[in-house]
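The values are calculated or read from the model by the stated rules, or taken from the named source; none is laboratory data. Keep in mind that this is a model prediction, so the values were computed, not measured. Here the Cβ is made from the backbone with ideal geometry for all residues, glycine too, and neighbour counts use every protein chain on show.
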Ligand code: PEP
Ligand code: MN
């Protein structure tokens, strides 16, 4: 079984940065009495702009090593260069993690994977800052190919230009879900601290991650969060972490409850036939669209007609709202359908253009 599936949730906690020996020891002491599998602390901090606190480097590794010896809590630290790996291994770090700003760079990821040849230490790979599932999967595969047998993904959200919907990093849930579909055995850990950027929302996002079948949580924890040298707004105290974990409802993918299973099976059969109807209807809609393309070709009209698209958005979202469906959802769905329809029509017009030019 994966090292990361030995507890559910698999909890990783500790400060954003290892600031002082006292802060490291105090946090590790508090966490060692709780259901926490790994103690995290940033040693080298990838800061967006120069001049912010960039970590204490090798000296902080000694504090971590002391915390491990004193409180018997396994350690994890972010590594971004082969030299970091060497130092982390020398100081007894048990699990390595790759930060979001490193995952975007395949050259650097490969250097790190090469530095681990012959060393089978568990590695956690944060999603890249941009919402690219292939890049995330690629980084994971580089470590798997290097012989790392315990790999986990960490979902920490994706950068956007503005803090839309109140997140520091957009969760984009379909991306970790797609990763899990492609790699069903992979453990996925959610980092609600970097997703939300604010401690008041950590509990809510942690619960959501559990309900989305995530395996674990990485939560930044500091004895005095408001005084933290980095990420002060999102860290929680060990007491708050304890409360968050105690209030989590942990649900399972499967059940032994026969009544529930029978009800679910009945509803799933209904849903299967509805889905079949939906697909048949979409196919019919595409056929109509091709017939329309013939008319547009004959009358020399464009495939895309902005006024018609505006009308579709308006009428379909009105209908959706009457069914309590969100406008954003239905518009997104129609964007996809309409785009495919236009693609088919463009192909018909393109052929007609070729004919004319012959
Ligand atoms: C962190 O965990 O403190 C960190 C720097 O994370 P990320 O790589 O997700 O920005
Ligand atoms: Mn942080």
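Within the range 56-70, identify whether any single residue is within 17 Å of residue 218 (Cβ to Cβ) and either more than 16 Å from ligand 1 (Cβ to nearest atom) or assigned to a loop (DSSP other than H, G, I, E, B) (or both), and answer yes or no. Scanning the range 56-70, I find no residue that is within 17 Å of residue 218 (Cβ to Cβ) and either more than 16 Å from ligand 1 (Cβ to nearest atom) or assigned to a loop (DSSP other than H, G, I, E, B) (or both), so the answer is no. Inspect the range 102-117 for any residue being surrounded by fewer than 22 Cβ atoms within 10 Å (Cβ to Cβ), under 30 Å from residue 248 (Cβ atoms) and more than 16 Å from ligand 1 (Cβ to nearest atom) and give the result as yes or no. Checking the range 102-117: not a single residue is surrounded by fewer than 22 Cβ atoms within 10 Å (Cβ to Cβ), under 30 Å from residue 248 (Cβ atoms) and more than 16 Å from ligand 1 (Cβ to nearest atom).
One residue stands out in the range 244-270 among those that are surrounded by 10 or more Cβ atoms within 10 Å (Cβ to Cβ) and touching a residue at least 12 places away in the same chain (Cβ under 8 Å): the one that is farthest from the chain's Cα centre (by Cα), namely 247.
Filter the range 29-51 for residues that are touching a residue at least 60 places away in the same chain (Cβ under 8 Å) and within 12 Å of ligand 1 (Cβ to nearest atom); which is surrounded by the fewest Cβ atoms within 10 Å (Cβ to Cβ)? Per the criteria, the residue is 47. All of 26, 66, 54 fail the test of being surrounded by fewer than 17 Cβ atoms within 10 Å (Cβ to Cβ) and more than 16 Å from ligand 2 (Cβ to nearest atom), apart from 66.
Only residues that are assigned to a loop (DSSP other than H, G, I, E, B) and either surrounded by fewer than 19 Cβ atoms within 10 Å (Cβ to Cβ) or over 20 Å from the mean Cα position of the chain (by Cα) (or both) were counted in the range 1-23, giving 9.
Suppose the filter is in the same structural domain as residue 23 (by TED's automatic domain parsing), in contact with a helix residue (DSSP H, G or I) (Cβ under 6 Å, 6 or more places away or on another chain) and at pLDDT 95 or above; does residue 73 pass it? Here the answer is yes, as residue 73 does meet what is asked.
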